[in-house]
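*Asks:* If you scroll down you'll find the structure; I have some questions about it.
Quick note: the coordinates plus some simple rules give every number you see, no bench work behind them. Note that the coordinates shown come from a computational prediction; the quantities given were computed from them, not determined experimentally. Using ideal geometry, Cβ is built from the backbone for each residue, glycine included, and neighbour counts are taken over all protein chains shown.
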Amino acid sequence: QAKARGRNGFSFYAPSMTGEGVERLRLETFLRRSIEKDEIFLNYQPQVEIDTGRLVGVEALVRWNHPELGLIPPIRFIPLAEDTGFINQLGKWVLHEACRQMVRWQDAGLHVPKIAVNLSAKQFERGSIVNMVADILRDTGLEPQRLQLEVTESVIMNTGDAMVFINDLHSIGVALAIDDFGTGYSSLAYLKQLPVQTLKIDRSFIKDISTDVNDEAIAIAIIQLGKSMNLSVIAEGVETEEQAAFLLRHGCNLAQGYFYSRPVAADDMLVRWKK
Ligand code: C2E
Ligand code: MG
Ligand code: MG
Ligand code: MG
């Protein structure tokens, strides 16, 4: 029943291992080499102001295209990367690439006000996440205020020093958003103490916003909470005009979702948004 993983990700398995386990191991092996093999890239999903349609930012979303397995969605490889520790390398690559891309767009004549990058809990456990971010900002020349890091409620609540790191990140000028807001267990007391600028309403509440009274109530409550705490609120997963209209009517003027744009390649941002 030997199933151990060494510090450098080396693993071995007993013959009794299930097919699923073998598949996972294969994926792990491929994943570890994905960056050096140039299989990892980013897509960018626009964030817009509902009433004007203006571009206010983008969210960077990681993609893995394996030559044999094809495009593998992040929900399949992020957890794997977290389990194996590869997330540290991957997260750093993502952050660097995202910041670099902001500068490339600028040079190409497109001003994207802000880029949001997802952070996973494991990236906090290492400590010194602040140094990594500061190095990348210095290296790329991106202004810290134009970088927004997204963390979920569970990252904040379950990571020992998350509060410390978040305060450190704030002190170097980086913005912070709480992702999938409302789905984790959140403590409003924490919210009050944290230097957070943005709440992202999880898309599960947006989906049936105009038909499900509970979702409607939750969305409105989050918008109100944001307002009274002076935070900006953005809705995720906006797919229809009705959802956008509902949000606007209830005081949320920021949205991200297929109604505006799917996540796209860097160059496609120029096609659609460069004036
Ligand atoms: P997330 O951060 O909440 O990102 C939003 C997800 O919703 C993205 O899925 C996006 O493609 C999808 N989405 C956006 N608009 C719509 C819509 O209108 N309808 C529907 N059905 N979906 C929409 P994606 O790219 O598959 O990413 C899934 C999750 O994987 C992300 O959720 C995030 O938690 C994680 N992830 C993605 N990139 C990274 C990364 O670079 N680092 C880390 N740590 N996690 C990442
Ligand atoms: Mg996100
Ligand atoms: Mg989200
Ligand atoms: Mg999510």
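*Asks:* Quote the charge dipole size of the chain about the Cα centre in Debye, to the nearest 20; the model charges only the Cβ of Lys and Arg (+1) and of Asp and Glu (-1). Kindly include the intermediate steps, with their values, before the conclusion.
*Replies:* Working: 29 positive and 35 negative charges, 130 e Å.
With only Lys, Arg, Asp and Glu charged at Cβ, the dipole is about 620 debye.
*Asks:* Right, next: ³J(HN,Hα) across segment 113-118 via Karplus (A = 6.51, B = -1.76, C = 1.60, θ = phi - 60°), whole Hz, x for Gly/Pro?
*Replies:* x, 8, 10, 9, 10, 7
*Asks:* Another question, if that's okay. Compute the Cα gyration tensor for segment 82-155, then decide on rounded, prolate or oblate, letting a ≥ b ≥ c be the square roots of its eigenvalues: rounded whenever a/c is under 1.5, prolate when a/b is larger than b/c in the other cases, and oblate in all that remain. If you can, show how the numbers build up before the last one.
*Replies:* On the way: a/c = 2.16, a/b = 1.92, b/c = 1.13.
It is prolate, given that a/c is not under 1.5 and a/b is the larger ratio.
*Asks:* Just to confirm a number: summing +1 for Lys and Arg and -1 for Asp and Glu over residues other than Leu137 whose beta-carbon lies under 10 angstrom from that of Leu137, what do you get?
*Replies:* On the way: positive: Arg138, Arg146; negative: Asp135, Asp139, Glu143.
So the environment of Leu137 carries a net charge of -1.
*Asks:* ³J(HN,Hα) across segment 32-37 via Karplus (A = 6.51, B = -1.76, C = 1.60, θ = phi - 60°), whole Hz, x for Gly/Pro?
*Replies:* Running phi through 6.51 cos²θ - 1.76 cosθ + 1.60 with θ = phi - 60° gives 4, 9, 4, 5, 4, 8 Hz.
*Asks:* Next question. For a quick check of your reading of the filter: which trypsin sites (Lys or Arg not before Pro) in segment 34-85 sit in a DSSP loop and have no more than 16 other Cβ atoms within 10 Å?
*Replies:* Answer in residue order: Lys37, Arg54.
*Asks:* Any idea how far apart Ala245 and Ser228 come out in nm if each label point goes 7 Å out from Cα toward Cβ?
*Replies:* My value for the distance between the label points is 2.9 nm.
*Asks:* Note the per residue figure in Å³ for the convex hull of the C-alpha positions in the chain.
*Replies:* Cα-based convex hull of the chain, divided per residue, equals 153 Å³.
*Asks:* Using Cα atoms only, what is the angle between the long axis of helix 213-228 and the major principal axis of the chain, expressed in degrees (0 to 90) to the nearest 10?
*Replies:* Its long axis makes an angle of about 80 degrees.
*Asks:* What is the set of long-range amide H partners of Ala116 at a cut-off below 5 Å, with H atoms built 1.01 Å from backbone N?
*Replies:* Amide H neighbours of Ala116, under 5 Å, 5+ apart: Val58, Glu59, Ala60, Gln148.
*Asks:* Residue farthest toward the positive end of the dipole of segment 127-275, with Cβ of Lys/Arg at +1 and Asp/Glu at -1: which of Ala244, Gly141, Gly184?
*Replies:* Gly141
*Asks:* Loop only by DSSP, 12 or fewer other Cβ within 10 Å of the Cβ. Give me the chymotrypsin sites (Phe, Trp or Tyr not before Pro) in segment 181-233 that pass, ordered by residue number.
*Replies:* Of the chymotrypsin sites (Phe, Trp or Tyr not before Pro), the ones in loops of segment 181-233 whose Cβ has at most 12 other Cβ atoms within 10 Å are Tyr185.
*Asks:* To the nearest 20 debye, what is the magnitude of the charge dipole of segment 40-168 about its Cα centre, counting +1 on the Cβ of each Lys and Arg and -1 on the Cβ of each Asp and Glu? Walk me through the numbers on the way to the answer.
*Replies:* Working: 11 positive and 16 negative charges, 57 e Å.
I would put it at about 280 debye.
*Asks:* Whole-Hz ³J(HN,Hα) for each residue in segment 234-239, computed from phi via Karplus 6.51 cos²θ - 1.76 cosθ + 1.60 with θ = phi - 60°, x for glycine and proline: what do you get?
*Replies:* 10, 9, 9, x, 6, 10
*Asks:* Also: Nearest 500 deg cm²/dmol is fine: what mean residue ellipticity at 222 nm does the chain get from its DSSP H runs of n ≥ 4 alone, each adding -39,500 (n - 2.57), divided by its residue count?
*Replies:* -13000 deg cm²/dmol
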